[in-house]
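Below is one structure, written out as structure tokens, with a few remarks after it.
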Amino acid sequence: MEGDYKTQNGNSGCRISTTKGFVFVLLAALLAVSVGILVHLAGSREVTCKVDLGSLSKVGWSSPSELVTQCGKLAEQGDSHVCSACPTPPLPNTPELEPETTPEPEKKKTPINYRLPSTLKPVHYDVELKPNIYGNDTSNFQMNGSVSIDIDVLEATDNITLHSDWLNVTESSVSLVSDQPVTPTVVDVSVINTTQFLVISLDGSLVKGSRIRLKMNFTSRLRTDRFGFYSSSYLADNNETIYLAVTMFEATYARSAFPCFDEPALKATFNFTLLRKEKHARNYTTLSNTDIIDTQPRDNGYVADVHAKTPVMPTYLLAFVVSDFRYVENVTYHGDRKVKYRTWARPNLMQNVHLTHDWGVRIFNWLQNHFEPPFPLYKFDNIAVPSFRFGAMENWGLATYREDIVYRPGFTTTNCYTWTGLVIAHELAHQWFGNIVSPRWWWWLWLNEGFAMYWEWILVTELFPQRREEEQFLVKLKYKAMLQDSTRSSHPMNNDKMESHAQIETSFDEITYSKGGTLVRMMSMFMGKSLFIQALNHYLKRHQYGVADHNDLFNVLTEEAASENRPINMTDIMDNWVTQMNFPLVHVTRSRRGVIHVTQERYLGSPSEQEKAVNDSSPYDYLWEIPITYTSSTEKNFTKSIRFEDRKWLKKTNKEGDIFDSVFPDSSDEDSWVYVNTESHYFYVNYDLHNWNALIKQLNHDFTVIPPINRAQLLHDSWYIAEAGRLNHSIALRLMSYLKDDMDYVPWRALHRFLFVIDGHLKRSVLYDAFRKFMVDLSKKAFDHYGVVSTETEVTVHRFQRTRIMKYACYYGNMKCQKKVLELFQELKQSSDNSVIHPDLRSIVYCGGIQYGDSENFEFVWSKYTEKAKSPNPELKKESGYLLKALACVREPWRITRLFQSMREGKIKKDDVLTLGKELASNPYGRDLVWNALKASYEMIAMSELSNKTVSRMITGATSSFNTQDRYVEIEDFMKTHNVTAHEGVFKAVLKKTKENIEWMDRHYTVIEHWLRETGYLQPVI
Ligand SMILES: [Zn+2]
């Protein structure tokens, strides 16, 4: 699965992030204003649930008090499913501060077993589903279904326990036959909501070794939350809303479409029969994992499409769609084997699908030519779904995607354009990695996602080398994973705490995806790509149609290497990387020619984290098997290929050691340097001061000696090593200066995260003007080089770099940039549509037009926003989102006040209030006003329609860069003089963050001041 989108580099585009936090937060905010808010008090702990009363009716709780009680219980247990808006447990990567609450004493609870009993194993399912998506009354969108499951009895049992959720199982329809002499009778059918178990109790025991057939009928409403079997819609050219039904099952939502054994290891075959109306103006079709083999007439104008039997597969990869969509098709060949490759979209998007389709065919052919066993199905469908929760889903033979996969000239940003290739490669790679071999349990999700991530950028780099996707992966996603993995609350890649539905949902994070992808890359580099592919083919063949864990993978890789007389023990090298969280920081010191001394320690992102970690334990005592790849000023070879037998290691049994090689120069030569981790593996490298200074000198003298990704690594590593208190920040700051001559996107991209940190800390200080001038000069040459015009024929990294540099240049006050942006804004105003500006640049131009322009510009954007926000057309609505964010760029206090007033008067849609509040709170010119407004009207705002989360995000955003004692006292006083019960956790978190900011400033202010004086941007003290 590809995660939810999130703008990653500031473009209004669609690069993937696995973060779901924001989606849930938004959901919570929206639900809170549209449904009742119930508060459950459990002892001293308050659990607030925003309960969708409609969705709860399915579980049969009748009275409001029972709803409250059950909701609270589920929320306490971490089950946020029924109380779908309850944001517990904390979701990963939530970008804002999580409220910190005083920990409650641990209650002794019996652990809940979320796993199905191991007594039964499903073998085959026959499923028939009849969704109703016809007409315009969505409350009538129901589904009727029946299921028949052949089950092997592995151990004697007197009950059949499987999964069911959201469904109303007709108790009288539950029946059982068996091949044992006397088949027990069903005596009771019950649902356990916490575990989503359907328990069928029998009056006797099922005999070990027998086979049974379980049948039942069920009904449900089609879901609308983009999980399970749900209804979606699009707008036809005549403005008619057309509905479709589509699925999204991973991880645990197949159980809400039909009762099933919904665990990844419980694989079976499936026959799906999907009913659709035959005589209907929209000409509906059905799709599933396999082709249609028969169509049979049914009552009331329906026909039944019978789909071919699937391979042995897990439930989470099943899929079906009922829609009026169209497709384009190619026939692909693998030897004599034909596979139909099709790309589907709504009819009024079909004219744009050809690029998506052509890329898909190329990628699919590449995979077919490299991996065995062959793709087992006779067709592969890809469908662009108008309303899809995640980026995409790899259902076997029927991959589903967001509509952003369809490239639309003049509308699609470069981010989305490049994402298209990556996401197709990701989902197609899953057809082997995940679909043919699946994880034994969700603990090993990285075996799916790490491989899909790895192959997505390997494949796109192979097909489109000029996009430099491997470098982009390292500088964007590897670093993102390392940030998440820099705390004690991180988790190992083998995520062995994942049991409940809610816990499993949190597994889809940067550690699983991007750390997973980085470590797969590491294994591939140890073995060499061709031996690695050869070994993976053996892994796929050995475990095909089965399941695997990390040991299964490492064993095959080790055996395959041994068969080629290569002494690579993958378990020995990799087990420590996947069973313990975090990663190492390697310190390199030089003393004499021909040797470097290396030591390793667990990296944690701040001194306070390190203090708390003193007594932490781990299977390998937080030591790792670290490949030490290197070059030096005498060699300057960053790309040499290294045979495994020639690799140097810092062993997991040693904290330190010496590495000997004649390429290491004498440290008495002040210009000489060594560079460690040339292959960019998953750790940071620190050097002695002499070496850092020599590297800085090299960058300033001739940075081209060091490749872009290795330059990026110096910038990024030095900053985060300094943040951890292991290096003076002056090194990281001095490293940046060379960028004034570097035009390349990759090193600039490495600057992105920590530049934001510096900016936030300095914004209110007297140093800011000097820092601002430094940034104007740093980006000047690049701005002049790239200009302000993007074209579709340009290399994509150049387009990315232009957008980035324009943002820096304009934001920090490059007058030429601001003037150019205003000219572009004028072009926009005078044009009948916005296609005069490349999609990458629209948000910058809208924002700049407001920031540097007059009131006329503000009014222009405001009128465009109000016009587009009202439109039922989703593309215009999307455009209104950019316009709304542009409005939040405003700098004049009276306009900010006007936006507040518009929010209160309902002139801004409820859906947009959260976005606007958040954006204003992060606007340096707006956040003080947001804070002042919050202070002045706190009680009123707290009691308003805005959800707790919306207000929390505004509080957090407005105060995030408070870094003085005065501000700390101000918040403390505010908490004493106001009833902040509803946001107490948030305010406590703000106090904690403010304290950390004060400490940061105490530690680093003088260093930054000194650096700014040294660089000439701050006048010397007279
Ligand atoms: Zn995936």
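The values are calculated or read from the model by the stated rules, or taken from the named source; none is laboratory data. Only a predicted model underlies this, so the values are computations on that prediction, with no experimental measurement involved. In this analysis, Cβ positions are derived from the backbone assuming ideal geometry, glycine residues included, and neighbour counts consider all displayed protein chains. Side chains are part of the model used for accessible areas, which takes the heavy atoms of the whole protein and leaves out ligands, DNA and RNA. Shrake-Rupley method; radii C 1.70, N 1.55, O 1.52, S 1.80 Å.
Surface composition of region 416-525: carbon and sulfur atoms hold 55% of the protein heavy-atom accessible area at a 1.4 Å probe. The spacing between region 731-810 and region 641-686, judged by their C-alpha centroids, is 31 Å. For region 274-424, the relative contact order works out to 20 percent when only alpha carbon pairs closer than 8 Å and six or more residues apart are counted. Taking only the alpha carbons of region 298-373, we obtain Rg and Dmax values of 15.7, 48 Å in that order. Once both labels are positioned 7 Å from their Cα atoms along Cα-to-Cβ, the gap between residue 549 and residue 669 label points is 5.2 nm. Once C-alpha pairs closer than 8 Å and six or more residues apart are averaged by separation and normalised to the residue number of region 187-324, the relative contact order reads 21 percent. Near residue 675, the amide H atoms lying under 5 Å from its own belong to 631, 632; only residues 5 or more places off or on other chains count, and H is placed 1.01 Å from N.
Charge dipole (Cα centre; +1 on Lys/Arg Cβ, -1 on Asp/Glu Cβ; no other charges) of region 157-242 amounts to roughly 220 debye.
For region 459-502, with only Lys/Arg (+1) and Asp/Glu (-1) charged at the beta-carbon, what is the dipole magnitude about the Cα centre, in debye rounded to 20?
220
Against the longest principal axis of the chain, how steep is helix 516-527, in degrees 0 to 90 to the nearest 10, with axes from Cα atoms? Orientation of helix 516-527: about 80 degrees from the principal axis.
When the Cα convex hull of region 764-884 is projected onto planes of every orientation, the mean area is 8.6 nm². For the pair region 391-421 / region 112-184, the C-alpha centres are spaced 34 Å from each other. Computed from Cα atoms, the angle from the helix 354-370 axis to the main principal axis of the chain rounds to 80 degrees.
When you filter the GluC sites (Glu not before Pro) in region 618-693 for DSSP loop state and at most 10 other Cβ atoms inside 10 Å of their Cβ, you are left with 670. Nonpolar atom fraction for region 707-801, defined as the carbon and sulfur part of the 1.4 Å probe accessible area, stands at 58 percent. Once backbone amide H atoms are built at 1.01 Å from N, residue 124 has 150, 269 as its partners under 5 Å, excluding neighbours fewer than 5 places away on the same chain.
Please pull out the direction-averaged projected area of the chain, using the convex hull of its alpha-carbon atoms, in nm² to one decimal place.
Hull-based average projected area comes out at 42.6 nm².
Taking Cα atoms only, the orientation of helix 708-723 departs from the longest principal axis of the chain by about 80 degrees. In region 942-1022, which trypsin sites (Lys or Arg not before Pro) are in a loop and have at most 16 other Cβ atoms within 10 Å, using DSSP for the loop call? For trypsin sites (Lys or Arg not before Pro) across region 942-1022 that sit outside H, G, I, E and B with at most 16 neighbouring Cβ atoms in 10 Å, the list is empty. Short-range pairs are left out: with C-alpha atoms under 8 Å and at least six residues apart, the relative contact order of the chain is 9 percent.
Protection proxy ranking for 784-796, 760-772, using the average of other Cβ atoms within 10 Å per residue and placing the highest first: 760-772, 784-796. According to the Kirkwood expression over distinct Cα-Cα pairs, how big is the hydrodynamic radius of region 897-973, in Å? It works out to 12.7 Å. Here the Karplus curve 6.51 cos²θ - 1.76 cosθ + 1.60, taken at θ = phi - 60°, turns the phi angles of region 120-132 into couplings of 10, 9, x, 10, 8, 10, 10, 10, 10, 10, 10, x, 10 Hz, with x standing for Gly and Pro. The heavy atoms of residue 854 offer some 80 square angstrom of accessible surface to a 1.4 angstrom probe. Since only 133, 498, 110 are under comparison, the one whose Cα sits farthest along the positive direction of the charge dipole of the chain, derived from C-beta charges on Lys, Arg, Asp and Glu, is 133. Put a plus charge on the Cβ of each Lys and Arg, a minus charge on the Cβ of each Asp and Glu, and nothing anywhere else: the dipole of the chain about its Cα centre is then about 1560 debye. Only one residue of 360, 398, 419 has its Cα farthest out toward the positive end of the dipole of region 288-439, where Lys and Arg carry +1 and Asp and Glu -1 on Cβ, and that residue is 419.
Looking at the calculated P(r) for region 905-1022, what percent of the C-alpha pair distances fall above 17 Å?
Taking all Cα-Cα pairs of region 905-1022, the fraction more than 17 Å apart is 61 percent.
The residues of the chain expose, per residue, 37 Å² of accessible area to a 1.4 Å probe. Amide H contacts under 5 Å for residue 603: 583, 585, restricted to partners 5 or more places along the chain or on a different chain, H placed in the peptide plane at 1.01 Å from N. Roughly how many Å is it from the Cα centre of region 290-359 to that of region 538-567, as a whole number? For region 290-359 versus region 538-567, the Cα centre distance is 33 Å. Accessible surface of region 923-995, 1.4 Å probe: 54 percent of it comes from carbon and sulfur atoms.
In sequence order, region 437-445 has phi-based couplings of 10, 10, x, 4, 7, 5, 4, 9, 4 Hz under the Karplus curve 6.51 cos²θ - 1.76 cosθ + 1.60, θ = phi - 60°, and Gly or Pro positions carry x. Taking label positions 7 Å along the Cα-Cβ direction at both residue 618 and residue 572, the computed distance is 2.1 nm, reported to one decimal.
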